[in-house]
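So the structure is just underneath, and the comments pick up after that.
The values are calculated or read from the model by the stated rules, or taken from the named source; none is laboratory data. For clarity, every value in this text was computed on a predicted model and none was experimentally measured. Cβ coordinates were reconstructed from backbone atoms using ideal geometry, including for glycine residues, and neighbour counts include every protein chain displayed.
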């Protein structure tokens with residue numbers, strides 16, 4: 001009688017079955033002989049190989065405990081990455097206490113925040129999945145109540161008197177006037193990003209993203225709407241991008257050479273129609289910044305938009321409404337930099353269009369993952385792609401007999417019919433059915449993300 005067993009994931013402090021290849025990997029070749037769609041083609045970024053082009057966008061969860069990862073993050077993030085996005089971002093972590101958006105945000109300003117994050121990273125690695133974290137400073141949009149509906153006072157853990165910005169201009173009338181950063185304050189911000197990056201690396205995170213979008217501090221320096229400085233950090237385009245570039249250089253310098261660095265940018269302030277005579281950050285600025293960052297070690301330019309000014313008027317003309325901005329960047333930078341697009345991608349066919357017809361490299365997905373943690377599986381079904389499912393799921397959907405036979409390596413022996421059948425036709429998602437019954441406001445939710453998202 002031959003021995004059968006369930007292989008264990010290596011380098012893990014507890015037992016969990018080995019997922020080999022990683023969940024979300026498209027079988028090659030496909031049983032029908034069809035080519036694998038670009039959405040499910042692997043991509044390599046420095047030393048990191050993603051099994052598909054789907055990325056969980058960083059989204060604030062308002063569940064941190066003094067900046068620390070909590071069981072909510074374990075359940076939420078694990079529930080998504082278990083089903084195999086090529087890359088999972090946790091959320092934006094404040095690099096300084098006053099750099100949080102809300103008191104309940106995650107942070108990496110203190111060494112005590114490393115171990116809870118490490119435990120989440122360990123789970124991701126046990127599943128063979130890639131995980132990253134975003135580094136952020138909120139600037140004038142800090143010390144708010146979820147989701148940015150009010151200012152958090154000191155009585156509820158806020159810091160309204162410690163809000164900083166490039167210039168002393170509040171986000172909107174009635175909110176605290178931020179303190180304009182002096183040179184010493186700017187140096188503290190740069191050190192904050194570097195120290196936070198060191199802590200993330202110590203926790204085992206595989207990817208870092210610097211947040212230069214959605215109206216937060218680095219974006220406030222980029223836009224002439226919020227940056228009225230007259231020193232070397234204000235005025236010209238070259239001066240306004242100085243701090244973001246300094247942060248990129250300082251963080252890249254302490255990262256391992258094979259570790260990818262992302263930069264998230266807002267492509268526009270969405271003020272062109274509201275204030276046509278007022279200089280603002282626009283698509284051409286976004287392209288120029290991309291060209292600069294190609295020479296500073298940024299591997300992926302993550303193109304979003306908005307969040308800077310309460311007067312913004314976002315135009316949701318079509319699904320993937322921000323993709324044209326990413327396309328414009330990609331046309332200019334070509335192969336010098338990978339480009340990601342985010343926003344309004346709720347269907348695999350939309351994602352495939354953005355990748356193939358617009359030349360984008362990676363699709364970042366946010367709210368769709370909140371509606372359906374198994375979005376990778378959903379997208380695979382929509383495109384008719386056979387992918388690796390979690391062993392625990394494939395075994396159940398495949399019924400008895402789908403065990404893994406012992407071999408010299410102890411690895412899975414390959415694709416079995418149960419995995420393929422489950423991908424093709426057997427899945428029923430209670431979450432998907434339930435959420436589809438709810439009437440979400442597409443326009444409202446986009447504004448929330450633009451105002452508060454990571």
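List the residue pairs whose Cβ atoms are under 7 Å apart, where the first residue sits in segment 106-128 and is on the phi > 0 side of the Ramachandran plot, the second is in a helix (DSSP H, G or I) and at pLDDT below 95, and the two are 6 or more positions apart or on different chains.
Here the result reads none, with nothing in segment 106-128 linked to a residue that is in a helix (DSSP H, G or I) and at pLDDT below 95.
Mind listing whichever residues of segment 211-226 are assigned to a loop (DSSP other than H, G, I, E, B) and within 30 Å of residue 125 (Cα to Cα)?
Scanning segment 211-226 gives 213, 214.
May I ask you to verify whether residue 306 is over 22 Å from residue 284 (Cα atoms) and either buried (at least 22 other Cβ atoms within 10 Å of the Cβ) or modelled with pLDDT of 95 or more (or both)?
On the way: over 22 Å from residue 284 (Cα atoms): no; either buried (at least 22 other Cβ atoms within 10 Å of the Cβ) or modelled with pLDDT of 95 or more (or both): yes.
Criteria not met by residue 306.
Pull out all pairs, ordered by first then second residue, where Cβ-Cβ is under 7 Å, the residues are six or more apart or on different chains, the first lies in segment 337-362 and is on the phi > 0 side of the Ramachandran plot and touching a residue at least 24 places away in the same chain (Cβ under 8 Å), and the second is surrounded by fewer than 20 Cβ atoms within 10 Å (Cβ to Cβ) and in a helix (DSSP H, G or I).
359/327
Would you confirm whether or not segment 6-13 contains a residue that is surrounded by fewer than 23 Cβ atoms within 10 Å (Cβ to Cβ), in contact with a strand residue (DSSP E or B) (Cβ under 8 Å, 6 or more places away or on another chain) and modelled with pLDDT under 95? Write out each step before concluding.
Here is the first cut: in segment 6-13, the residues surrounded by fewer than 23 Cβ atoms within 10 Å (Cβ to Cβ) are 6-13.
Next, from what is left, pick out any that are in contact with a strand residue (DSSP E or B) (Cβ under 8 Å, 6 or more places away or on another chain): 6-9.
Pick out the ones that are also modelled with pLDDT under 95 and you get 6-7.
Yes: segment 6-13 contains one or more residues that are surrounded by fewer than 23 Cβ atoms within 10 Å (Cβ to Cβ), in contact with a strand residue (DSSP E or B) (Cβ under 8 Å, 6 or more places away or on another chain) and modelled with pLDDT under 95.
Do any residues in segment 267-283 that are touching a residue at least 12 places away in the same chain (Cβ under 8 Å) and at positive phi have Cβ atoms under 8 Å from those of residues that are part of a loop (DSSP other than H, G, I, E, B) and surrounded by fewer than 16 Cβ atoms within 10 Å (Cβ to Cβ), where the two are at least six apart or on different chains, and which pairs are they?
270/313; 270/315
Being farther than 24 Å from residue 40 by Cβ and in contact (Cβ under 8 Å) with a residue 40 or more places away in the chain is the filter; apply it to segment 314-332 and report the residue that is surrounded by the fewest Cβ atoms within 10 Å (Cβ to Cβ).
Looking at the filtered set, the residue picked out is 315.
The rows are residues; the columns are (1) surrounded by 22 or more Cβ atoms within 10 Å (Cβ to Cβ); (2) at pLDDT below 95.
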position	(1), (2)
154	no, yes
169	no, no
174	no, yes
248	yes, no
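When segment 246-286 is examined, which residues are found to be part of a helix (DSSP H, G or I), more than 20 Å from the chain's Cα centre (by Cα) and closer than 21 Å to residue 211 by Cβ? Explain how you work it out, then say what you get.
Initial filter on segment 246-286 (part of a helix (DSSP H, G or I)): 246-254, 283-286.
If we keep only those that are more than 20 Å from the chain's Cα centre (by Cα) too, we end up with 246, 249-250, 253-254, 283-285.
246, 249, 250, 253, 254, 283, 285 - these are the residues of segment 246-286 that are part of a helix (DSSP H, G or I), more than 20 Å from the chain's Cα centre (by Cα) and closer than 21 Å to residue 211 by Cβ.
Table: residues versus (1) at pLDDT below 95; (2) in contact with a helix residue (DSSP H, G or I) (Cβ under 7 Å, 6 or more places away or on another chain); (3) within 27 Å of residue 51 (Cβ to Cβ).
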| position | (1), (2), (3) |
| --- | --- |
| 113 | no, yes, no |
| 118 | no, no, yes |
| 121 | no, no, yes |
| 125 | no, no, yes |
| 128 | no, no, yes |
| 135 | no, yes, yes |
| 138 | no, yes, no |
| 145 | yes, no, no |
| 148 | yes, yes, no |
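Before we move on, is residue 299 more than 17 Å from residue 56 (Cβ to Cβ), in contact with a strand residue (DSSP E or B) (Cβ under 7 Å, 6 or more places away or on another chain) and touching a residue at least 60 places away in the same chain (Cβ under 8 Å)?
Working: more than 17 Å from residue 56 (Cβ to Cβ): yes; in contact with a strand residue (DSSP E or B) (Cβ under 7 Å, 6 or more places away or on another chain): yes; touching a residue at least 60 places away in the same chain (Cβ under 8 Å): yes.
Judged against the criteria, residue 299 is a match.
Considering only residues that are in a loop (DSSP other than H, G, I, E, B) and under 18 Å from residue 58 (Cβ atoms), which ones fall in segment 309-333? If you could, list the steps in order and put the result at the bottom.
So in segment 309-333, the residues in a loop (DSSP other than H, G, I, E, B) come out as 309-322.
Within segment 309-333, 322 is the sole residue that qualifies.
Do we find a residue being in contact with a helix residue (DSSP H, G or I) (Cβ under 6 Å, 6 or more places away or on another chain), part of a loop (DSSP other than H, G, I, E, B) and surrounded by 17 or more Cβ atoms within 10 Å (Cβ to Cβ) anywhere in segment 334-341? Walk me through how you get there before you give the answer.
Just the residues of segment 334-341 that are in contact with a helix residue (DSSP H, G or I) (Cβ under 6 Å, 6 or more places away or on another chain), to begin with: 339, 341.
With part of a loop (DSSP other than H, G, I, E, B) added as a condition, the list becomes none.
No: zero hits.
Identify all residues within segment 29-72 that are without any contact (Cβ under 8 Å) to a residue 60 or more places away in the chain and touching a strand residue (DSSP E or B) at 6+ places or on another chain (Cβ under 7 Å); write none if there are none.
Listed by number, the residues that qualify are 42, 61, 64, 67, 69.
For segment 39-73: of the residues being surrounded by fewer than 19 Cβ atoms within 10 Å (Cβ to Cβ) and in contact with a helix residue (DSSP H, G or I) (Cβ under 6 Å, 6 or more places away or on another chain), which is nearest to residue 297 (Cα to Cα)?
If we filter segment 39-73 for residues that are surrounded by fewer than 19 Cβ atoms within 10 Å (Cβ to Cβ), which is where we start, we get 41-44, 46-49, 62-63, 65-66, 68, 70-72.
Add one more test, that the residue is in contact with a helix residue (DSSP H, G or I) (Cβ under 6 Å, 6 or more places away or on another chain), and what stays is 63, 68.
Working: 63: 32, 68: 29 Å.
Here the answer is 68.
Results for (1) out of contact with any strand residue (DSSP E or B) (no Cβ under 8 Å at 6 or more places or on another chain); (2) under 27 Å from residue 325 (Cβ atoms); (3) assigned to a loop (DSSP other than H, G, I, E, B); (4) touching a residue at least 12 places away in the same chain (Cβ under 8 Å), shown as yes or no for each residue.
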| position | (1), (2), (3), (4) |
| --- | --- |
| 155 | yes, no, no, no |
| 161 | yes, no, yes, yes |
| 175 | no, no, yes, yes |
| 184 | yes, no, no, no |
| 198 | yes, no, no, yes |
| 209 | no, yes, no, yes |
| 228 | yes, yes, yes, yes |
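Among the helices (runs of 4 or more DSSP H) lying completely within segment 355-423, list those that include at least 1 residues that are under 25 Å from residue 9 (Cα atoms) and modelled with pLDDT under 95.
Numbers: elements: 367-371, 375-383, 391-398, 417-421.
In segment 355-423, the matching helices (runs of 4 or more DSSP H) lie at 391-398, 417-421.
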